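*Asks:* Here's a structure for you.
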Amino acid sequence: MSHAIYPKPGVLEIAPYVGGESQIEGIHDVVKLSSNENPFGPSDVVKDAIKKAALRLHRYPSTDHHALRSAIADVYKLDAERIICGCGSDEIITFLCQAYGGPGTEVIYTEHGFSMYRISALAAGSAPIEVDEHERTVDVDAILEAVTFRTRLVFIANPANPTGTMIGSNEVARLAAELPEHVLLVLDGAYAEFVEDYDGGARLVDKRENVIMIRTFSKIYGLGGLRIGWAYGPAHVIDALNRVRGPFNLSDLQMAAAEAAVRDTAYVDKCRNENARLRSWMAKALAELGVASDTSCANFILARFHDTGEADACEAHLRADGLLVRKVAGYKLPNCLRITVGDEASCRRVVHSIAGFKGQDL
């Protein structure tokens, strides 16, 4: 049946986001290492907070997220009035494109950048502009060369997904300083907590009017299933984002869990240290098997194989062994597999399986 009802330009260009798989038909003992989740889950403090919040589910939640914003501000030493919370950092990416994008504008992201940047740009009616990276790392000069009078947003993840690479704070500051005044730089810090003594760009936000930092509770805090994110930016940007944010975009249960999580700094330190230890071990073990990777600053390793065929064959071998990792051909890395750093048993199981694929003994 024909029809004359069509979405606005850009929407039908969106390739829907596909999350990491969690099941393999016929295999019950599946290890999921495809979504960069914290293998230890949330802390016991967070679980207790969720139980208490369950008693209040008949009540509408706060519309200003005051308690959660205050907790984030206390822990990270930020101005609570310049924090906004969202249903995952994905929603804040959407807010940014809604508020600053639209027909006739451009949104820049990098070659291997998170797919939600392109999706949200198209949904808002903006033209997504992809910029080359240099050896799987953000290239500041390439971004600056791509900026035009139509550019409104520049998205970079630091550390980046799915590469795990990051650029230094001096390069981020140079990018912010050299962007024209009509362009907002968005620093995606989804994996910032995995880098010791790294503020995700917060100090740069305090110094400038053209930088915003976005963060998530999905990774190191182990709350991917609850969808909670936040951002810290200039007052004028946060004001604009709050005008497009729905009043009840976070539930009381989400906010209670996130507040408990952000205050449990000892648990975060424990998870960071364990991730660093196992990430280092797995990268070294894979290198000894002939599988290279860049130095990762996140909770995953981007394993590089000789070609697409070998990467696909290794993924199939891992799958047969009940191990799910992420194929990243959609990120223009067809010869790579992204492997989440799981617990010790999972990491050893992955290395053992790849050694078998390679025909080598450990």
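Here, each number is a calculation from the coordinates, and none is a lab measurement. Since the structure is predicted, the reported quantities are computational estimates derived from the model, not experimental observations. Cβ sites come from the backbone with ideal geometry, for glycine too, and all protein chains shown count toward neighbours.
*Asks:* If you take every DSSP beta bridge fully contained in the chain, what fraction is antiparallel? Give it as a percent rounded to 5. Don't skip to the answer; put the middle values down first.
*Replies:* Working: 18 of 37 bridges.
Antiparallel: roughly 50 percent of the beta bridges in the chain.
*Asks:* Taking a ≥ b ≥ c as the square roots of the Cα gyration tensor eigenvalues, with a/c under 1.5 meaning rounded and otherwise prolate when a/b beats b/c, else oblate, which class fits segment 120-186? Before the final figure, lay out the partial values.
*Replies:* On the way: a/c = 1.86, a/b = 1.26, b/c = 1.47.
Here segment 120-186 falls in the oblate category.
*Asks:* I need the Kirkwood Rh of the chain: take the reciprocal of the average 1/r across all distinct C-alpha pairs and report it in angstrom.
*Replies:* Numbers: mean 1/r = 0.0469 Å⁻¹.
Evaluated over the chain, this radius sits at 21.3 Å.
*Asks:* Does a label point 7 Å from the Cα of R243, set along Cα-to-beta-carbon, have any residues of segment 202-226 with amide nitrogen under 20 Å, and which are they?
*Replies:* 209-213
*Asks:* Run through segment 241-346 and list the trypsin sites (Lys or Arg not before Pro) located in a DSSP loop whose Cβ has at most 16 other Cβ atoms within 10 Å.
*Replies:* Working: sites: R243, R245, R263, K270, R272, R277, R279, K284, R304, R319, R326, K327, K332, R338; in loops: R245, K332.
Answer by residue number: K332.
*Asks:* Could you rank the peptides 141-153, 88-100 by their average count of other C-beta atoms within 10 Å per residue, with the highest value first? Spell out each step's value before the answer.
*Replies:* Working: 141-153: 16.8, 88-100: 23.5.
Going from most to least packed, we get 88-100, 141-153.
*Asks:* log₁₀ I(q)/I(0) of segment 59-211 at q = 0.15, 0.18, 0.20, 0.21 Å⁻¹, via Debye over equal Cα point scatterers, no solvent, to two decimals?
*Replies:* -0.80, -1.15, -1.38, -1.49
*Asks:* Here's a follow-up. Taking 8 Å as the Cα distance limit and 6 or more residues as the minimum spacing, I'd like the relative contact order of segment 44-263 as a percentage.
*Replies:* Computed over segment 44-263, the figure is 29 percent.
*Asks:* So if I restrict to the alpha-carbon atoms in segment 151-274, what is the Rg, and what is Dmax, the biggest pairwise distance, in Å?
*Replies:* Expressed in Å, the Cα Rg and Dmax of segment 151-274 come to 15.2, 42.
*Asks:* Does a label point 7 Å from the Cα of A266, set along Cα-to-beta-carbon, have any residues of segment 213-239 with amide nitrogen under 18 Å, and which are they?
*Replies:* Counting only backbone N, you get 221.
*Asks:* Between A257, A123, A240, where does the largest GNM mean-square fluctuation fall for the chain, given springs only between Cα atoms within less than 10 Å?
*Replies:* Fluctuation is largest for A240.
*Asks:* I would also like to ask the following. With each label point set 7 Å from Cα along the Cα-Cβ vector, what nm distance links T308 and I5?
*Replies:* 3.8 nm
*Asks:* Go ahead and set up a Gaussian network model of the chain, Cα springs under 10 Å, then flag whichever of V350, V244, V205 fluctuates most.
*Replies:* Taking springs between Cα atoms under 10 Å, the residue moving most is V244.
*Asks:* Which of rounded, prolate, oblate describes segment 202-247, given a ≥ b ≥ c as roots of the alpha-carbon gyration tensor eigenvalues and a/c under 1.5 marking rounded, otherwise prolate only if a/b is larger than b/c?
*Replies:* On the way: a/c = 4.78, a/b = 1.43, b/c = 3.33.
Oblate is the answer for segment 202-247, as a/c is 1.5 or above yet b/c matches or exceeds a/b.
*Asks:* If the cut-off is 19 Å between C-alpha atoms, which aspartates and glutamates fall inside it for K51, apart from same-chain ones fewer than 8 positions away?
*Replies:* Output for K51: D252, E259, D264.
*Asks:* Sticking with this one: Loop only per DSSP, at most 16 neighbouring Cβ atoms within 10 Å: give me the GluC sites (Glu not before Pro) in segment 13-81, ordered by residue number.
*Replies:* Working: sites: E13, E21, E25, E37, E81; in loops: E21, E25, E37.
Within segment 13-81, the qualifying GluC sites (Glu not before Pro) (loop, at most 16 other Cβ atoms within 10 Å) are E21, E25.
*Asks:* Please find the FRET efficiency linking H66 to K358, where r is the Cβ-Cβ separation and R0 is fixed at 51 Å, and quote it to the nearest 0.05.
*Replies:* The calculated FRET efficiency here is 0.40.
*Asks:* Follow-up question, since we're still on this one. Pick out which of N36, N210, N273 has the largest mean-square fluctuation in a Gaussian network model of the chain, springs linking Cα atoms closer than 10 Å.
*Replies:* N273
*Asks:* Using a Förster distance of 30 angstrom, determine the FRET efficiency expected from the C-beta separation of S280 and R203, and round it to 0.05. Spell out each step's value before the answer.
*Replies:* Details: r = 28 Å, r/R0 = 0.92.
So, using R0 = 30 Å, E works out to roughly 0.65.
*Asks:* Using a Förster distance of 41 Å, how high is the FRET efficiency between I14 and L289, based on the Cβ-Cβ distance and rounded to 0.05?
*Replies:* Details: r = 38 Å, r/R0 = 0.93.
It comes out at approximately 0.60.
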